[in-house]
1. From (1) at pLDDT below 95; (2) surrounded by fewer than 21 Cβ atoms within 10 Å (Cβ to Cβ); (3) under 21 Å from the mean Cα position of the chain (by Cα); (4) under 26 Å from residue 206 (Cα atoms), pick out the condition that doesn't hold for residue 258.
2. Could you tell me how many of the residues in the stretch 362-376 are surrounded by fewer than 18 Cβ atoms within 10 Å (Cβ to Cβ) and without any contact (Cβ under 8 Å) to a residue 24 or more places away in the chain?
3. Which of the residues belonging to the stretch 28-37 are free of Cβ contacts under 8 Å to residues at least 40 places away in the same chain and of a type in the set (S, T, N, Q)?
4. Being of a type in the set (Asp, Glu) and either buried (at least 21 other Cβ atoms within 10 Å of the Cβ) or within 25 Å of the chain's Cα centre (by Cα) (or both) is true for just one of 308, 270. Which residue is that?
5. I'd like the residue in the stretch 313-338 that is of a type in the set (S, T, N, Q) and out of contact with any Ser or Thr (no Cβ under 6 Å at 6 or more places or on another chain) and, out of all such residues, is surrounded by the fewest Cβ atoms within 10 Å (Cβ to Cβ).
6. Inspect all residues belonging to the stretch 337-345 and state whether any of them is farther than 28 Å from residue 265 by Cα, of a type in the set (Val, Ile, Thr) and either assigned to a strand (DSSP E or B) or in the same structural domain as residue 225 (by TED's automatic domain parsing) (or both).
7. Please tell me if residue 287 is closer than 15 Å to residue 271 by Cα and not hydrophobic (A, V, I, L, M, F, W, C).
8. Quick check on my filter: what residues within the stretch 1-38 are closer than 28 Å to residue 95 by Cα, modelled with pLDDT of 95 or more and not in a helix (DSSP H, G or I)?
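The values are calculated or read from the model by the stated rules, or taken from the named source; none is laboratory data. Source: prediction; values computed, not measured. Positions of Cβ are generated from backbone atoms using ideal geometry, with glycine treated the same way; all protein chains shown enter the neighbour counts.
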Amino acid sequence: MNLATIGIIAGSLERACLAWETEGNFDPLSRWLSRQVTTDGCPKLLAIEDWGPSIHRLHASQGRRPGWPEAERTRVEGWFARLIHFSRPDGSTMFGPRGKDRDRTAWLKEGVAIASDPSLASVVDRWFPSAAILKGQPSPPPLPARSETDQVLAMLRPDWTAEGDWVAIDQRGPASPCRVEVAGDGRPWISGDWSTAGTAGTARPTSWTTGAYADAQEWSFRAGSTKIMRTVVLLRYRKVALIAQQEEGPPASAFRLPLAAGTTTAAVAEQRSLTLIRGRAKARLIPLGLPTLPYETDKGSLSIEGDEAVLSGPGVGRRRWLPMLLSWGKPPSQWRTCTVTEKSETCRPEVAFGARVAWGSGDDGLLIYRSLGPPALRVVLGYQTRARFLIGRFTPEGNVVPLLTLV
């Protein structure tokens, strides 16, 4: 959405609010809300960075002239709840500038003061302990992870802490770019447009799960004649996120991830991975489909072009899977692709993918498995599965303990 469009939307909102405040005419506000927000409060296209100012103006209009219809109050409160979910612990919104801001903090306090859901106030009180906004008995905060059922708008998040981890995804609307923000220990490492070749069509969510071990979102869209399915996984409290793209169609096999502002990179000696650096903090980008050692290969490459990490695949086969792992804890010591078998025969790369990630001799590792074709009973690292997608803990004893299974 360009600046001119944003200005038009803001101008129409202001006129609608004034019509209510000066004339008691709610029709313009009702039309504006119907165009911009679903009945349960999900913005249809408005950028996340513009949610705060819009909600603040609506809250002000409610306060200046009482009598808003209850259905519209509920709609705005649902929108405000989403603003909380898509805010960082410093009060800034995903994809926007980081750092505390008096106006944004005031808007959050204002919203929870009039909200009927006291759990929202408990979140803001955790972020700003001196806010003194809790009323009555403290309420537990809402579950931090959420996803929309009919739009690609999701927040993968295990908690509300200032040093927490999160993955934010936004690909609403036709031909919209996919925006992604991945943060570890409260620091964004990836933030901006996740791009690929071709113009993206309308994206649709296909799978969402949240649990004790992982949050996962999948969605699909077409880019030209290629069908693309994207997967993001946040492994809770393991300091690991998976970002992957499956392609079906003419070979292209590449995508670009934007590095967050202020992030620099460095090559890793004797390893095909990249170190991301923010001050004293470091993270590691791992191309799971490529060999650990940096010898020449026709399987693809991982490189930095400007402020983007570019992962390319082999560009052959009808189906291709390009997985990338981001680790902001102890970096993996090695990884390798694994043979996947079905009825004792080795599966082709366009049928199934398997990889093992290791953190050192004798340490726990991860098994990551993907069925690119129709799921079937297959074996990888001695583990049988009919899953479409699986991430499991690979123990030192050689056992697999599933952490996430999609069927």
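1. (1)
2. Counting residues in the stretch 362-376 that are surrounded by fewer than 18 Cβ atoms within 10 Å (Cβ to Cβ) and without any contact (Cβ under 8 Å) to a residue 24 or more places away in the chain gives 1.
3. Of everything in the stretch 28-37, those that are free of Cβ contacts under 8 Å to residues at least 40 places away in the same chain and of a type in the set (S, T, N, Q) turn out to be 34, 36.
4. 308
5. 333
6. Scanning the stretch 337-345, I find at least one residue that is farther than 28 Å from residue 265 by Cα, of a type in the set (Val, Ile, Thr) and either assigned to a strand (DSSP E or B) or in the same structural domain as residue 225 (by TED's automatic domain parsing) (or both), so the answer is yes.
7. The answer is yes for residue 287.
8. If the condition is that a residue be closer than 28 Å to residue 95 by Cα, modelled with pLDDT of 95 or more and not in a helix (DSSP H, G or I), then 37, 38 are the ones that fit.
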